[in-house]
Number of protein chains: 2
Amino acid sequence: MSQDQSSVSRRNFLTGTGAALAGTAAGLVGHSLFFRPSSAGAVKQGFEWPWPYTELDPEKVRKKGHAGYYDGDCAEGALYALVSELQENVGAPYTYLPVQIMGFGGGGVAGWCTLCGALNGACAAISLTSKDFYKLSSELVAWYCETPFPSHTSNELAKNGEFLVNKSNKVFKQTVSNSPLCHVSVCKWCKENECGSGCPDRSERCARMVGDVVAKTAEILNAYHFGEFRAQCSESDLAHSCQACHSKESPYEMGGWSRGKMDCTSCHIKGHASLVDPHHPGK
Amino acid sequence: MSQDQSSVSRRNFLTGTGAALAGTAAGLVGHSLFFRPSSAGAVKQGFEWPWPYTELDPEKVRKKGHAGYYDGDCAEGALYALVSELQENVGAPYTYLPVQIMGFGGGGVAGWCTLCGALNGACAAISLTSKDFYKLSSELVAWYCETPFPSHTSNELAKNGEFLVNKSNKVFKQTVSNSPLCHVSVCKWCKENECGSGCPDRSERCARMVGDVVAKTAEILNAYHFGEFRAQCSESDLAHSCQACHSKESPYEMGGWSRGKMDCTSCHIKGHASLVDPHHPGK
């Protein structure tokens, strides 16, 4: 449940402000709100959410994520890596989930290069398995922004031909995106590696990165479910600096028409800020 | 399947380049690749993908999307609006899907304000129900970028107290985001309406927009499954202009280190482009 919705619990939704929906929601309880029997009085078919989680091997998941990219692209490949392991370990309800549900996320949503597909698919697995999806997903995104991709581990696996699908044994130069956006992440890597974004090497880079993202996701989920999860990453100081005025917490007049956790300077430069207002501090 | 993967079909994945995965993939066939029995020889539990689709009423879906926002935020609310209707019309397999799988998408992924959550949730429903998720999702994103939100229809429903949840009867000024990013979409609307992004009016704007996005999604899916779907939207002329050099199709030296369909000028202004190279045409 997001910060936006903190004052509107599911319970209130059914009993209070959302009473107008009671007709359609009749018979549904608690977290099974969005499961309903196929006909009135039938046995409930759904499974309680969140779905059960078993400890995953990050290195096994990394290899499946890399391979999954070559079959289902970044987002579906990421969800596949995590869910197929849970299908194997748990069985149902995971056996009822087609990982193609995240197929659209390929190339940052059908090639639009918005949200990195690896994050999109991995966060879907987080949301299946934890009520704290907001906190855990935010941690994954923050980690992504600060991490050099592909990891040394993935570069070494490729170099040694130890992935499940071996397309290239080149060791790629690493880049830090400082942004969760596919466009930024891909462009920075391509420029550093002098590689066209349509080249097989760029695809292989994204495959390794999917592996890295799902391995980290497995680590986060393992820590959350079986250890002690603590957020390691924070938004950048610079973002905090801008957000002192430009955030949901600020009134409109102070710059509170903005919101978000991305590092502002990934898109806004001084030249931009000065266009907003000649007296803007960033001028 | 994305453009990236056009040469790597699922079939090839199992029989050719992905042969190294055959061990883990054994027993899986065709589009059920990512479903597997809980134990060797057990009856397959999954359902064939894509899942069956029945014609949806866009106006019913619009109201459910608006209400869904107030229970599950934008992304989960969007998926709820579409899937709950299919749960009602079809039953299984939709009754096995917890729409919380898209919970992470709230606020453009846990408040990071990347991809608009309404698009994220709606595209998940598209991907569940069609192998052509790439084409249909791209159309939805393109439409989103060009569309004034909230729609006149949603403004009127709110004004007349005809939503399922009635929070405000104000008629909001419309804005066109020209971007699929939450941050841009929200900021533009907030500035036009002189509204802080943390205010209830901004939440209500996003609720109406979720309704508008899922209503459009129902129209697209209805046309695809029961009519004649034709893409109506195209990327902007300006984006095409930049993409003549900056695309996956271009070699690195021509600017092919870039990729994406977003309108370049939503982030890049002339001042930006000139920083790349003093001789850049955009200077």
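For A:A92, state whether it is under 29 Å from A:K261 (Cα atoms) and either among the polar types (S, T, N, Q) or in the same structural domain as A:V210 (by TED's automatic domain parsing) (or both). For A:A92, the condition - under 29 Å from A:K261 (Cα atoms) and either among the polar types (S, T, N, Q) or in the same structural domain as A:V210 (by TED's automatic domain parsing) (or both) - is not met. Would you please name the residue that is nearest to A:T175 (Cα to Cα), looking only at residues in segment A:119-154 that are of a type in the set (V, I, T) and surrounded by 22 or more Cβ atoms within 10 Å (Cβ to Cβ)? The selected residue is A:V141. For A:P93, indicate whether it is more than 10 Å from every other protein chain (Cβ to nearest Cβ) and crowded, with 18+ Cβ neighbours inside 10 Å. Spelling it out, it is not the case that A:P93 is more than 10 Å from every other protein chain (Cβ to nearest Cβ) and crowded, with 18+ Cβ neighbours inside 10 Å. Does B:L157 qualify as being facing chain A (nearest Cβ under 8 Å), in contact (Cβ under 8 Å) with a residue 12 or more places away in the chain and not small (G, A, S)? No; evaluated as a whole, the condition is false for this residue. Please enumerate the residues belonging to segment B:108-137 that are hydrophobic (A, V, I, L, M, F, W, C), within 23 Å of A:W51 (Cβ to Cβ) and more than 7 Å from every other protein chain (Cβ to nearest Cβ). Within segment B:108-137, B:A122, B:A125 qualify. The numbered conditions (1) of a type in the set (G, A, S); (2) at pLDDT 95 or above; (3) in a helix (DSSP H, G or I) are all true for A:A22 except (2). One residue is enough: does segment A:96-107 have a residue meeting the conditions under 21 Å from A:I220 (Cα atoms), modelled with pLDDT of 95 or more, at the interface with another protein chain (Cβ under 9 Å from one of its Cβ atoms) and part of a helix (DSSP H, G or I)? Looking for residues that are under 21 Å from A:I220 (Cα atoms), modelled with pLDDT of 95 or more, at the interface with another protein chain (Cβ under 9 Å from one of its Cβ atoms) and part of a helix (DSSP H, G or I), one finds at least one in segment A:96-107, hence yes. Could you tell me which of the residues B:S130, B:S137 is within 13 Å of the chain's Cα centre (by Cα) and farther than 18 Å from B:A207 by Cα? Of B:S130, B:S137, the one residue that is within 13 Å of the chain's Cα centre (by Cα) and farther than 18 Å from B:A207 by Cα is B:S137.
Screening A:V141 on (1) in a helix (DSSP H, G or I); (2) more than 9 Å from chain B (Cβ to nearest Cβ); (3) not small (G, A, S) shows it passes everything except condition (2). Scanning segment A:148-182 for residues that are in a strand (DSSP E or B) and in contact with a helix residue (DSSP H, G or I) (Cβ under 6 Å, 6 or more places away or on another chain) yields A:F149, A:T175.
The values are calculated or read from the model by the stated rules, or taken from the named source; none is laboratory data. Everything numeric in this text was worked out from a predicted model, so none of it was measured. Don't worry about glycine lacking a Cβ; one is built from the backbone with ideal geometry, like all the others, and counts go over all protein chains shown.
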